[in-house]
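Below is one structure; the comments refer to it alone.
The values are calculated or read from the model by the stated rules, or taken from the named source; none is laboratory data. No experiment lies behind these values; they were computed from the predicted model shown. For neighbour counting, all protein chains shown are included, and Cβ atoms are generated from backbone atoms with ideal geometry for every residue, glycine included. To get the accessible areas, we keep the full protein, side chains included, count just its heavy atoms, and leave off ligands, DNA and RNA. Shrake-Rupley method; radii C 1.70, N 1.55, O 1.52, S 1.80 Å.
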Amino acid sequence: ITVLQIVKESQQQHGLRHGDFQRYRGYCSRRLRRLRKTLNFKMGNRHKFTGKKVTEEILSDNRYLLLILMDAERAWSYAMQLKQEANTEPRKRFHLLSRLRKAVKHAEELERLCDSNRVDAKTKLEAQVTTDTLIFCLLWEGHKCKGQGSISDCRTIYEKLANAFTEEQAVLYNQLVEEISPNIRYCAYNIGDQSAMNELMQMRLRSGGTEGLLAEKLEALITQTRAKQAATMSEVEWRGRTVPVKIDKVRIFLLGLADNEAAIAQAENEETKERLFESLLSECRDAIQAVREDLKPDQKQREHSLENDSGKVSNIQYLHSYLTYIKLSTAIKRNESMAKSLQKALLQQQRSEEDGKRAARPQDLIRLYDIILQNLVELTQLPGLEEDKNFQKEIGLKTLVYKAYRCFFIAQSYVLVKKWSEALVLYERVLKYAREVQSGAGAYTNSLKELPDVQDLITQVNAEKYSLQAAAILDANDTHETESPSQVKDGKPLSERFETFCLDPSLVSKQVSLVHFPPGFQPIPCKPLFFDLALNHVAFPPLEDKVEQKAKSGLTGYIKGIFGFKS
């Protein structure tokens with residue numbers, strides 16, 4: 001059987017792609033149940049347990065080896081699940097080590113059975129690798145670095161297997177070699193190889209952060225190394241003032257600041273750079289929080305931070321301002337990096353239109369520059385720097401640079417909707433900001449080196465102005481042009497324009513307009529009404545002689561009326 005391929009495919013398809021070890025453990029249990037039922041290798045019945053062992057005599061079917069492999073995988077996945085839960089419940093580490101020992105026991109049993117003549121050489125090597133990997137996991141979780149030998153054997157076997165098979169099969173083994181290389185270098189560092197630390201840092205930089213077993217270990221190792229160096233650090237100097245640093249977390253952060261900035265500068269892609277920026281900002285927030293906690297006990301001193309003698313803020317408040325400056329400056333650099341990548345995407349979009357992806361828009365850049373300008377406003381309000389004229393002037397020049405770029409992309413957004421006059425006014429405002437920066441940047445050239453070049457912006461704006469004026473003229477001509485009669489479409493159906501020739505593409509489409517349907521209402525005459533006006537002017541003939549005389553009244557008439565006698 002192909003042990004490593006089966007394990008890798010099962011892990012990727014059943015939860016480990018998202019780090020869901022509980023789901024993978026459930027899959028292993030279900031597959032074990034199916035295998036035992038298929039092979040009729042049940043462990044007793046529902047009332048009594050009867051243990052059975054896989055022996056060499058019954059290895060007629062390779063699924064018996066899968067039984068032991070799934071047992072090992074189930075124990076390992078349970079251990080990794082417990083590792084996630086041990087962050088909040090430390091007692092579960094004991095159960096974790098117990099399950100890893102169980103996994104190692106099953107792997108050793110698999111390796112022993114694979115020594116049989118019925119198993120090919122490839123399966124034997126892969127079984128040995130499985131055992132060595134689980135042994136290393138057990139020693140790693142037990143904080144023992146003497147497992148380097150077993151994991152080094154794994155890398156050797158992986159490399160040999162990669163060379164022995166086709167390129168498609170070698171991809172899996174090369175991937176496994178890359179996964180275990182950081183663990184080998186970490187163990188080498190812990191047993192005294194100091195050169196391994198640089199290799200670990202380079203691996204962390206290439207991947208933008210480690211994964212798997214090494215993630216927590218490497219971060220703890222870097223923190224531990226910086227903590228040793230922080231013991232000798234007692235003060236920091238910023239803008240001509242030296243401030244003592246007594247908080248260990250702040251010392252560790254300041255020592256690693258240069259390394260983090262160098263790692264960001266050497267990042268190979270934007271995704272790695274973004275991840276490193278977020279890591280640096282997270283560490284900076286933790287350091288600021290530690291300083292705030294140190295400020296709390298001295299509430300009165302914090303409220304009256306200005307000293308009567310020199311007018312300066314206290315050392316701890318100045319240190320807080322320094323850390324806040326680092327945080328805001330890092331946020332500005334991150335947003336500027338994102339803006340540069342968006343500008344490249346916007347330029348590529350203008351050259352070649354891509355379908356299926358969300359296109360970059362000038363509005364996205366405007367939002368980024370708004371955030372940068374807000375960060376610059378916060379920089380000018382830092383305690384202890386209100387009277388620093390050079391600092392305020394420097395921040396003012398940076399604000400003008402970013403305002404110029406913000407106005408430029410607002411103008412670009414107006415160009416897209418053909419608002420030519422508004423765009424032209426904004427281009428003039430960009431030139432105004434850029435000239436102000438050039439006139440006031442004499443003594444601050446070094447501090448403005450990292451900012452975008454305003455001269456390039458001026459050149460681009462001048463070119464855009466000519467293009468805008470030409471587009472506005474063409475647009476004005478288009479609106480005044482009269483369309484030719486052959487292309488006029490007045491919305492009339494075909495039945496009403498037989499006399500006029502018109503190129504109408506809709507006549508060959510499915511929504512052709514032939515007649516108005518339903519037809520419109522038309523006026524028709526209504527039924528006449530007759531009024532007899534002559535009746536008021538006609539004299540009718542007398543009819544008294546033809547009208548019956550009225551019966552006499554009295555008792556006789558009454559009696560005759562009762563009995564029905566008539567005269």
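Quick notes on this structure:
- Which numbered condition K419 fails, given (1) modelled with pLDDT of 85 or more; (2) under 22 Å from A339 (Cβ atoms): (2)
- Region 274-320, subset hydroxyl-bearing (S, T, Y) and at pLDDT below 70, residue least open to solvent (accessible area, probe 1.4 Å): S305
- Matching residues, region 378-418, being closer than 20 Å to Q317 by Cβ and within 29 Å of the chain's Cα centre (by Cα): E378, L379
- Inter-residue pairs, beta-carbon under 6 Å, first in contact (Cβ under 8 Å) with a residue 12 or more places away in the chain and in region 119-138, second of a type in the set (G, A, S) and open to solvent by 10 Å² or more (accessible area, probe 1.4 Å), 6+ apart: D132/S150; I135/S150; F136/S150
- Every pair of residues 6+ apart whose Cβ atoms lie under 6 Å, when the first sits in region 1-21 and is of a type in the set (A, V, I, L, M) while the second is modelled with pLDDT of 85 or more: I1/L65; L16/Y24
- Test: Y27 is out of contact with any strand residue (DSSP E or B) (no Cβ under 7 Å at 6 or more places or on another chain) and either open to solvent by 50 Å² or more (accessible area, probe 1.4 Å) or farther than 19 Å from D120 by Cβ (or both): yes
- Single condition K389 does not satisfy, out of (1) free of Cβ contacts under 8 Å to residues at least 24 places away in the same chain; (2) in contact with a helix residue (DSSP H, G or I) (Cβ under 6 Å, 6 or more places away or on another chain); (3) among the charged types (D, E, K, R): (2)
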